[in-house]
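Each remark here refers to the structure printed beneath this line.
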Amino acid sequence: MQGQNAPPPTHFTTTPAVSARTNYRVVMLFNPPLSQTSSALCGDTSRLVSTPRGDGRLRMLTAFCVSDNLMSDVTSSVPNVTTPHDQAFRAMVGRATFALIPLNDPYDSRDRCRLAIC
């Protein structure tokens, strides 16, 4: 995920420091059930389950949450991989990260995108 999002630079970690903005988070669920909603990823994650479908693909449902609110989501898949170091897995996570994180804060009218595509 590191370096895969648009500016500003963001540090993704599974062990946030005390200074982290803990109300911002990314949740990934691999092989979600067909009935899984993206917004549920922003709530109580202890109830999330993974259900492989047996078709040889790894599916990933990813949510960008602010507190318990869904800001954006991405659904993606790749042929089954055996390790997180597999290039196909890394590419899927990278594309999802870029698509997931907005270029500007939709709740901050002072936040101006610094890219020509905004």
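Taken together, the values in this text are just the output of simple stated rules run on the coordinates, not laboratory data. Predicted, not measured: the structure shown is a model, and the values here were computed from it. For neighbour counting, all protein chains shown are included, and Cβ atoms are generated from backbone atoms with ideal geometry for every residue, glycine included.
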**OP:** Kindly rank 79-86, 23-30 from highest to lowest mean number of other beta carbons found within 10 Å of each residue.
**Re:** 23-30, 79-86
**OP:** Extending each Cα 7 Å along its Cβ direction at L48 and V66, get the distance between those two points in nm, one decimal.
**Re:** 2.0
Subject >> Principal axis dimensions, largest first and in whole angstrom, of the range 24-100 by Cα >> reply: 32, 25, 16
